[in-house]
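Asks: Here it is, the structure in full.
The values are calculated or read from the model by the stated rules, or taken from the named source; none is laboratory data. The structure presented is a predicted model; accordingly, all values stated were derived computationally and were not measured. A quick note on method: Cβ atoms are made from the backbone with ideal geometry, for glycine too, and the neighbour counts reach across all protein chains shown.
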2 protein chains.
Amino acid sequence: MNYPKGIKKEFISVKTYGNRGMNLEEDINNSNKYYLDCNIAAIYKKPTPITINKVDYKSRKDAVIKEAHFIVPSTTDYNGIYKGKYIDFEAKETKSMTSFPLSNIHNHQIEHLKRIYNMEGIGFIIVRFVRLDKTFLLFIEDLLNFIDNNDRVSIPVSYFNDKGIIIKEGLNPRLDYLKIIDNYIEGR
Amino acid sequence: MNYPKGIKKEFISVKTYGNRGMNLEEDINNSNKYYLDCNIAAIYKKPTPITINKVDYKSRKDAVIKEAHFIVPSTTDYNGIYKGKYIDFEAKETKSMTSFPLSNIHNHQIEHLKRIYNMEGIGFIIVRFVRLDKTFLLFIEDLLNFIDNNDRVSIPVSYFNDKGIIIKEGLNPRLDYLKIIDNYIEGR
């Protein structure tokens with residue numbers, strides 16, 4: 001095999017942050033596809049929210065958006081249904097080795113998850129510490145507990161180790177985060 | 001007041017399709033805002049699904065989408081939580097006086113609602129017959145029943161009168177469709 005500009009094979013095959021081929025979003029989307037295909041759960045990523053300013057209607061079927069802007073999401077990225085329960089979560093990666101910066105999650109996303117919790121839905125965040133090669137699920141009640149009792153702008157890894165739950169990685173589903181929800185439903 | 005091109009006042013104030021100021025989507029969004037503000041339910045319209053081809057990054061905060069395309073949605077427009085239950089629906093208007101054309105709803109949206117029903121969620125469609133000034137809620141099981149037992153490409157109004165439930169219009173919420181869900185949950 002030829003590698004570009006004489007880069008040695010070692011530098012390509014050994015990835016910087018663990019041997020993972022995909023990012024967190026792809027891992028979750030793949031897992032959700034598995035859940036859906038097996039009729040286990042129907043959980044979808046919402047489309048990116050935008051406002052559309054200009055559209056070219058070449059034909060009725062073939063409209064092209066010519067100007068649009070990203071807008072701040074009012075809810076989380078993922079929601080759906082599992083075992084009759086409403087599921088809602090946000091997923092974020094961080095390159096930090098020590099803590100997860102809270103600025104990664106919008107305030108109204110936290111408010112949204114809190115509301116879901118109060119309405120007896122299941123809300124959480126999934127946080128991947130890329131350099132630690134660890135992916136945690138942290139329920140909204142534990143996230144709120146941290147925020148209410150700390151002035152810090154980021155959540156230390158120790159808090160995830162203590163209150164979060166490690167999501168094990170496998171082949172299919174890539175991230176079996178619903179296994180954690182099983183225990184949660186039983187214990188509630 | 002001046003009216004354009006000598007049109008008489010009567011022709012402007014009397015709207016063609018009833019005295020409604022807003023369309024179905026606006027009515028539902030307003031109702032959902034009411035439900036959210038009163039902590040009754042959290043139900044959102046999903047953003048329009050698009051694929052983005054070109055983005056101009058003037059600055060990090062001010063990205064402008066320069067080319068994007070609409071894509072066929074894989075799920076319905078609305079979902080959320082009410083009384084701990086997962087809610088999922090599609091809303092459509094028709095100008096027909098006699099029937100609702102099934103081509104208005106994508107096959108995979110019907111498949112999606114069927115899946116939601118099988119997973120113990122609550123799935124339905126809201127159909128407004130604009131010229132009849134009537135808005136119906138039809139549960140997915142009744143929609144499937146029609147599709148499975150008829151070769152017709154549209155659902156006659158009589159079926160909505162028989163199996164659907166009229167959503168009464170009010171001031172706030174504009175369309176109190178969750179009242180119908182109350183009865184449904186009790187009867188299930």
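Asks: Exactly one condition in (1) away from chain A (no Cβ under 14 Å); (2) assigned to a strand (DSSP E or B); (3) within 25 Å of A:Met119 (Cβ to Cβ); (4) free of Cβ contacts under 8 Å to residues at least 40 places away in the same chain is false for B:Val127; which is it?
Replies: Result: B:Val127 fails condition (3) only.
Asks: Consider A:Lys54 carefully, then state whether it is more than 7 Å from chain B (Cβ to nearest Cβ) and either in contact with a helix residue (DSSP H, G or I) (Cβ under 6 Å, 6 or more places away or on another chain) or assigned to a helix (DSSP H, G or I) (or both).
Replies: no
Asks: A follow-up question, please. Here are B:Ile81, B:Ile110, B:Ile71: which of them is out of contact with any Lys or Arg (no Cβ under 8 Å at 6 or more places or on another chain) and touching a residue at least 40 places away in the same chain (Cβ under 8 Å)?
Replies: B:Ile81
Asks: Looking at A:Ile87 and the list (1) touching a residue at least 12 places away in the same chain (Cβ under 8 Å); (2) closer than 26 Å to B:Lys58 by Cα; (3) β-branched (Val, Ile, Thr), which single condition is not satisfied?
Replies: A:Ile87 satisfies all of (1) touching a residue at least 12 places away in the same chain (Cβ under 8 Å); (2) closer than 26 Å to B:Lys58 by Cα; (3) β-branched (Val, Ile, Thr) except (2).
Asks: Let me ask you something else. Those residues that are of a type in the set (A, V, I, L, M), surrounded by 10 or more Cβ atoms within 10 Å (Cβ to Cβ) and either free of Cβ contacts under 8 Å to residues at least 12 places away in the same chain or over 22 Å from A:Ile116 (Cβ atoms) (or both), I need them from the range A:143-160; list them, please.
Replies: A:Val157
Asks: With (1) buried (at least 22 other Cβ atoms within 10 Å of the Cβ); (2) in a helix (DSSP H, G or I) as the list, and A:Asn183 as the residue in question, which single condition is left unmet?
Replies: Of the numbered conditions (1) buried (at least 22 other Cβ atoms within 10 Å of the Cβ); (2) in a helix (DSSP H, G or I), the odd one out for A:Asn183 is (1).
Asks: Check B:Lys45 against each of (1) within 14 Å of the chain's Cα centre (by Cα); (2) within 14 Å of chain A (Cβ to nearest Cβ); (3) buried (at least 17 other Cβ atoms within 10 Å of the Cβ) and name the one condition it does not meet.
Replies: (3)
Asks: What is the number of the single condition among (1) surrounded by fewer than 22 Cβ atoms within 10 Å (Cβ to Cβ); (2) closer than 28 Å to B:Asp77 by Cα that A:Ile126 does not meet?
Replies: Status for A:Ile126: all satisfied but (1).
Asks: In the range B:161-177, which residue that is among the hydrophobic types (A, V, I, L, M, F, W, C) and surrounded by 21 or more Cβ atoms within 10 Å (Cβ to Cβ) is farthest from B:Cys38 (Cα to Cα)?
Replies: B:Ile167
Asks: Further, regarding this structure: Quick check on the range A:120-130: of everything there that is over 14 Å from the mean Cα position of the chain (by Cα) and of a type outside the set (A, V, I, L, M), which residue is nearest to A:Lys83 (Cα to Cα)?
Replies: Here the residue is A:Gly121.
Asks: Then there's this: Give the range A:139-188 a look and list any residue that's of a type in the set (A, V, I, L, M) and within 21 Å of A:Asn79 (Cβ to Cβ), or say none.
Replies: A:Ile140, A:Leu143, A:Leu144, A:Ile165, A:Ile167, A:Leu175, A:Leu178, A:Ile180, A:Ile181, A:Ile185
Asks: I've got another one for you. Can you find even one residue in the range B:20-35 that is surrounded by 11 or more Cβ atoms within 10 Å (Cβ to Cβ), at pLDDT below 95 and among the basic types (Lys, Arg)?
Replies: Within the range B:20-35, one or more residues are surrounded by 11 or more Cβ atoms within 10 Å (Cβ to Cβ), at pLDDT below 95 and among the basic types (Lys, Arg).
Asks: Now for a separate question. Which of the residues spanning the range B:54-85 are farther than 19 Å from A:Ile71 by Cβ and either modelled with pLDDT under 90 or among the charged types (D, E, K, R) (or both)?
Replies: B:Val72, B:Ser74, B:Lys83, B:Lys85
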